[in-house]
Amino acid sequence: MSGIHDQLLAAIEQEQGALLATQMSGDKPGAKLLLLDDGTSQGKLAPAALDQQVRADGQSMLNSGEATSRSYEVDGATVDVYLESHLPPRRMVIVGAVHTAIHLVAFAREFGCHTTVVDAREMFATRERFPHADELLIGWPDEIMPDLNLGPQTDIVMLAHDPKFEDPAMEVALKSRAGYIGAMGSKNTSAARDERLKARGFTDEQISRIHGPVGLNLGGKTPPEIAISIMAEIVAVRRGKDPRASSSPLQPAKSDQ
Amino acid sequence: MRDILQDIREWQSAGEEIALATVVKASGSAPRQAGAKLAVTRSGKMVGSVSGGCVEGAVFEKAMSVLDSGSPEVVHYGISDELAWDVGLSCGGQIDVFVEPFEDR
């Protein structure tokens, strides 16, 4: 494969934002224009007046993640163009190579997430246990995480259940722009962690980014059940149905305990 | 898009003729939103979806005619469509699907 789709695929794989415009009517149905977030482009629509309008429109849509059809007036005629923005792939960073993490990696992969598992304990973070993780990193999470790209497309899930690993890692998470932060633990464990973070100078607003106890209230007990409740909560949060919102019909895990 | 392009890449290296269908507009309770894609080969391979399964067969037929003609087309599917009995969306939504021969321009 060569040409515009090849370049789109390369952009997606290199986590570069991209917008693909396809002309659906007018002079050249099927013509394509690819805009990349580094300012480069490939292909063109016809006529040039249409190409110019779509370029201007496309720039503003580049990082929207949206797909839509729009009509443009060109030389007195209407031309339909389909525009789709491709965001960098979703990423999940899991702190703690525990049993639940194995299942969470499996679910996250079904959603097309790039998965990274971090743990300082070599005994847990093995390829035998995590054959499908895209990255398996051994070391202290708070030392490793600043090197990861923790942007709005990233979900961070803390499963280590040990303040020694998790508190420093949580500080990195709260300073990042990650789109979702969840942490395993009972209500008491979560409240105790929040207090420690407050003592370290984090505000209530910052701490409120943490979903803990993590997951939706499915009543699950086994590692795969817990993993799917975490994945379900991430879907809900990403789709604007945060289970903690009073208007949400969903409930956070352990909310009835 | 990434998964589909990866499959398409494999099909291309195997010399397949490929058409791509994309939901470019969706309204009502359409099962898949704008951006949903289905790629098919003349030999009958498929990846992705444009609905919950109700119009895929009709889209496949359209894809074959688009491969024959070489010209992309926009096709509308919906419960109000006169073809509703054949290829209507049972859920009541409406979708516009852009069907094109897959080629690199």
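A single entry from A:Leu45, A:Leu83 fulfils the requirement of being under 30 Å from A:Ile234 (Cα atoms) and modelled with pLDDT of 95 or more: A:Leu83.
Here is a yes/no grid of residues against (1) surrounded by fewer than 17 Cβ atoms within 10 Å (Cβ to Cβ); (2) without any contact (Cβ under 8 Å) to a residue 40 or more places away in the chain:
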{"site": "A:Ile4", "(1), (2)": "no, yes"}
{"site": "A:Ala18", "(1), (2)": "no, no"}
{"site": "A:Pro29", "(1), (2)": "no, yes"}
{"site": "A:Asp38", "(1), (2)": "yes, yes"}
{"site": "A:Leu45", "(1), (2)": "no, yes"}
{"site": "A:Ala49", "(1), (2)": "yes, yes"}
{"site": "A:Gly58", "(1), (2)": "no, yes"}
{"site": "A:Gly65", "(1), (2)": "yes, yes"}
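Restricting attention to segment A:169-190, the residues that are out of contact with any strand residue (DSSP E or B) (no Cβ under 9 Å at 6 or more places or on another chain) and at pLDDT below 95 add up to 3. Among the residues of segment A:6-16, the one identified as in a loop (DSSP other than H, G, I, E, B) and free of Cβ contacts under 8 Å to residues at least 12 places away in the same chain is A:Gln14.
Please count how many residues of segment A:227-257 are part of a loop (DSSP other than H, G, I, E, B), under 20 Å from A:Asn188 (Cα atoms) and in contact with a strand residue (DSSP E or B) (Cβ under 9 Å, 6 or more places away or on another chain).
4
Taking the conditions (1) over 25 Å from A:Leu83 (Cβ atoms); (2) touching a helix residue (DSSP H, G or I) at 6+ places or on another chain (Cβ under 9 Å) in turn, B:Tyr77 satisfies each one other than (1). If you check A:Glu13 against the conditions, is it under 30 Å from A:Ala227 (Cβ atoms) and surrounded by fewer than 16 Cβ atoms within 10 Å (Cβ to Cβ)? Yes; evaluated as a whole, the condition is true for this residue. Summed over segment A:73-94, the residues that are in contact (Cβ under 8 Å) with a residue 12 or more places away in the chain, away from chain B (no Cβ under 14 Å) and either of a type in the set (Lys, Arg) or in contact with a strand residue (DSSP E or B) (Cβ under 9 Å, 6 or more places away or on another chain) (or both) give a count of 3. Is it true that A:Pro224 is on the phi < 0 side of the Ramachandran plot, in a loop (DSSP other than H, G, I, E, B), surrounded by 15 or more Cβ atoms within 10 Å (Cβ to Cβ) and not aliphatic (A, V, I, L, M)? Here the answer is no, as A:Pro224 does not meet what is asked.
For segment A:87-123, the tally of residues that are in a strand (DSSP E or B) and within 13 Å of the chain's Cα centre (by Cα) stands at 7.
Determine whether A:Ser25 is under 24 Å from B:Val23 (Cβ atoms), more than 10 Å from chain B (Cβ to nearest Cβ), out of contact with any helix residue (DSSP H, G or I) (no Cβ under 9 Å at 6 or more places or on another chain) and outside any strand (DSSP E or B).
no
Scanning segment A:12-33 for residues that are among the hydrophobic types (A, V, I, L, M, F, W, C) and farther than 16 Å from B:Ile8 by Cβ returns A:Ala18, A:Leu19, A:Ala21, A:Met24, A:Ala31, A:Leu33. The residues of segment A:28-57 that are among the small types (Gly, Ala, Ser), outside any strand (DSSP E or B) and touching a strand residue (DSSP E or B) at 6+ places or on another chain (Cβ under 6 Å), listed by number, are A:Gly30, A:Ala31, A:Ala49.
State all residues of segment A:195-226 that are of a type in the set (A, V, I, L, M) and out of contact with any strand residue (DSSP E or B) (no Cβ under 6 Å at 6 or more places or on another chain); if no residue qualifies, say none.
A:Leu197, A:Ala199, A:Ile207, A:Leu216, A:Leu218, A:Ile226
Within the set A:Thr78, A:Thr115, the sole residue that is surrounded by fewer than 20 Cβ atoms within 10 Å (Cβ to Cβ), modelled with pLDDT of 95 or more and hydroxyl-bearing (Ser, Thr, Tyr) turns out to be A:Thr78.
Selection of segment A:178-227 for residues being among the acidic types (Asp, Glu) and without any contact (Cβ under 8 Å) to a residue 12 or more places away in the chain yields A:Glu195, A:Asp204, A:Glu205, A:Glu225. Every listed requirement among (1) in contact with a Ser or Thr (Cβ under 8 Å, 6 or more places away or on another chain); (2) surrounded by fewer than 15 Cβ atoms within 10 Å (Cβ to Cβ); (3) not basic (Lys, Arg) is met by A:Ala245 save one, (1).
The values are calculated or read from the model by the stated rules, or taken from the named source; none is laboratory data. The structure displayed is predicted, hence computed values, not measured ones. No Cβ is skipped: glycine too gets one built from the backbone with ideal geometry, and neighbour counts run over all protein chains shown.
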